[in-house]
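Below is one structure, written out as structure tokens; comments come after it.
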Amino acid sequence: MSLTLVLGGTRSGKSAFAEGLARASGLPVRYVATADPGDGSMAARIAGHVARRPAEWETVVAGDDLAAALAPDRCVLLDGLGTWIAGAMHRGRADVRAEVAALALAAAGTHDPVIVVAEQAGEGLLPADALSRAWLDALGEATQALSAVAARAVLVVAGRALELPPPLTATPAGTEDLRHHGDTLVRPGDTDHAVNVLAGGPPAWLRTALRRALEEDISAYPREAETVAALAALHDRAAEEIVPCNGAAQALWLLPAALRPRLAACVHPGFTETEAALRAHGVPVARVLRDAERGFALDPAAVPEAADLVVVGNPASPSGTLDWSGALLALRRPGRTVVVDEAFMDLVPGEPSSLVRESLPDVIVTRSLTKSLAIPGVRAGYAVAPAPLADRLRAVRPPWSCNALALAALLAMAQRPEALGEAAARAQAERVDLEQRLADVPGLRTWPAAANYVLVRVRDGAAVTARLRDAGIAVRPAGSFPGLTAGDLRITARSPRDNARLAGLLAAAVGG
């Protein structure tokens, strides 16, 4: 479903906003005009609209069959619905509601974007004459019918767009698979190659810090000043640029409320919670897909120019791709915020391409201890951002988001940076071992990776996953990541012994 309903009063800016959405679609645009060009009083308005539209847009005049205006491989912009209803009523059409219902059905059944601009009805007194009341009733019913099936509804007031939330019972469109994660796939006793957390649990020094916090800190509300100072020193940043969070996932969930983007671009395949958060807040999302044939390398030019928020993982999951800093910096534009999710960066020796030490006015970096220090249950993460953006994140962050145990873990890590280096060296050794073993398995396709997991492609992902599961091995099917297929599997590297067992069983499953 790709229908967007744009509502607004006269001269509210609704048409200009809708035209911006159409330009951002990246598709050829078919503009469906509803005003009567033969009406002299409308001539100046029509001329103004024509002047600001790109010359290459196709323009057609709406007939009585609105659904017939839709076209494949095009963005269709119908402007405006109230004018069409008035004209249809003037022509004596009695089936206005049926035509709108047909348009809604057709728009709901296409993957190509459809944008309908309509007047916001019913904000004044009920008209005194019967014809105006009939028009108002028809317009109100039509906009409700379209809104019921629209992926997005926007009210434009004084040139500003207000996102209308979906019905309370609705699931935001496109989010069905975004909240599927690997931890749900591991049964007790399984050898876990599905969750990309280093095996063995937290190191002894971290267990000591957590025990001390459990005994001394949890009886008071958490205080983050000492931890913030230590993280700032670790990354050579100012304390006001550090925002501790309930895991990096919470930092990403703060983005839509803190930044209020008009159009977000999520680079996929990548961590899907960011898109889930944006869609839950009614933010339109453009998916920018990495190309497997180009090694999943980041292509900054693929991001829509209209996007004022871009989120990218580095290294990316599940491909393991490490992008160079120049490609990340090429995402920057005036008026745009770039968010780099570095949840796996501390698993890369030396942390090449990290932007966490770069104090840039428009770049936010998110970090996590979940993977490197094996504490997913503690939820220890943070954002590093220039002070104005950090203030906006803090303004929407729930109080005491980072609990005493998480703060203790972050503090202990910041005081022992060499421990992250040891974790990264271990992750690299385990991944290289796994890559070497997978290279001997016929029928696999793999890509270069930088973290502690490898993406592989097989002919029948479901059958291979089931064979491994029967043998007590859990891997992560990657088909729920946008841009990947049912044949893609993310495999976390473990000890050489576990890697050898997995490779042997994988070879049998692929060959069988």
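The values are calculated or read from the model by the stated rules, or taken from the named source; none is laboratory data. Being a predicted model, the structure only gives us computed values, none of them experimental. Positions of Cβ are generated from backbone atoms using ideal geometry, with glycine treated the same way; all protein chains shown enter the neighbour counts. We work out accessible area using only protein heavy atoms, side chains counted, and drop any ligands, DNA or RNA first. Shrake-Rupley method; radii C 1.70, N 1.55, O 1.52, S 1.80 Å.
At a probe radius of 1.4 angstrom, the accessible area of the chain per residue rounds to 44 square angstrom.
Secondary-structure-derived ellipticity at 222 nm for the chain, considering helices only, amounts to -11000 deg cm²/dmol, per-run term -39500 (n - 2.57) for DSSP H runs with n ≥ 4. Helix 404-414 and the long axis of the chain differ in direction by around 70°, with both axes built from C-alpha atoms.
The mean sequence distance of close C-alpha pairs (under 8 Å, at least 6 residues apart), as a share of the length of the stretch 268-354, puts its relative contact order at 29 percent. Taking the square roots of 5 times each eigenvalue of the Cα gyration tensor of the stretch 236-338, largest first, gives ellipsoid semi-axes of 21, 17, 15 Å.
Take every Cα pair under 8 Å whose residues are at least 6 apart in sequence, average their separation, divide by the length of the stretch 450-512, and the relative contact order is 39 percent.
Over all Cα pairs of the stretch 301-385, how is the pair count split among 10 Å bins, expressed in % and running from 0 up to the last occupied bin? With a bin width of 10 Å, the distribution comes to 17, 50, 27, 6. Over the stretch 184-270, the hull volume per residue, using the convex hull of the C-alpha atoms, is 203 Å³. In order along the stretch 465-476, phi translates into HN-Hα couplings of 4, 5, 4, 5, 5, 4, 8, x, 10, 9, 10, 9 Hz, rounded to whole numbers, per the Karplus curve 6.51 cos²θ - 1.76 cosθ + 1.60 with θ = phi - 60° and x for Gly and Pro.
At R0 = 35 Å, how high is the FRET efficiency between residue 324 and residue 102 if r is their beta carbon distance? Nearest 0.05 is fine.
Efficiency for this residue pair is about 0.10.
Just to confirm the filter: which chymotrypsin sites (Phe, Trp or Tyr not before Pro) across the stretch 284-376 are DSSP coil and have at most 16 other Cβ within 10 angstrom of their Cβ?
Answer by residue number: 324.
Evaluated on the stretch 396-508, the Kirkwood hydrodynamic radius is 16.1 Å, with distances taken between all distinct Cα atoms. Rounded to 0.05, the FRET efficiency of the residue 180 and residue 293 pair, given R0 = 30 Å and the Cβ-Cβ distance, is 0.70. Could you give the length gained by full extension between residue 218 and residue 301, i.e. 0.36 nm per residue of separation minus their alpha carbon distance, to one decimal place? Gain on extension, residue 218 to residue 301, equals 25.1 nm. As a fraction of the 1.4 Å probe accessible area of the stretch 350-459, surface on carbon and sulfur atoms comes out at 52 percent. With axes computed from alpha carbons, what is the tilt in degrees of helix 417-438 against the longest principal axis of the chain, rounded to the nearest 10 within 0 to 90? With both axes taken from Cα atoms, the answer is about 80 degrees.
The angle separating the long axis of helix 496-511 from the principal Cα axis of greatest extent in the chain is about 50 degrees. All alpha carbon pair distances within the stretch 466-512 were sorted into 5 Å bins beginning at 0; the resulting P(r) in whole percents reads 5, 19, 29, 25, 15, 7, 0. Here the stretch 401-434 is scanned for amide nitrogen atoms under 19 Å from the site 7 Å beyond the Cα of residue 233 along Cα-to-Cβ, giving 407-421.
Inter-part distance, the stretch 313-392 to the stretch 399-477, computed on C-alpha centroids, equals 18 Å. Rounded to the nearest 0.05, the FRET efficiency derived from the C-beta distance between residue 360 and residue 415 at R0 = 25 Å is 0.40.
The alpha-carbon atoms of the stretch 190-234 define a convex hull whose volume equals 139 cubic angstrom per residue.
Overall dimensions of the stretch 113-157, expressed as equivalent-ellipsoid semi-axes from the Cα gyration tensor (√(5λ), whole Å, largest first), are 23, 11, 8. Descending by average beta-carbon neighbour count within 10 Å, the peptides 4-17, 380-393 line up as 380-393, 4-17, the highest first. Enclosing the Cα atoms of the chain in their convex hull gives a volume equal to 172 cubic angstrom per residue.
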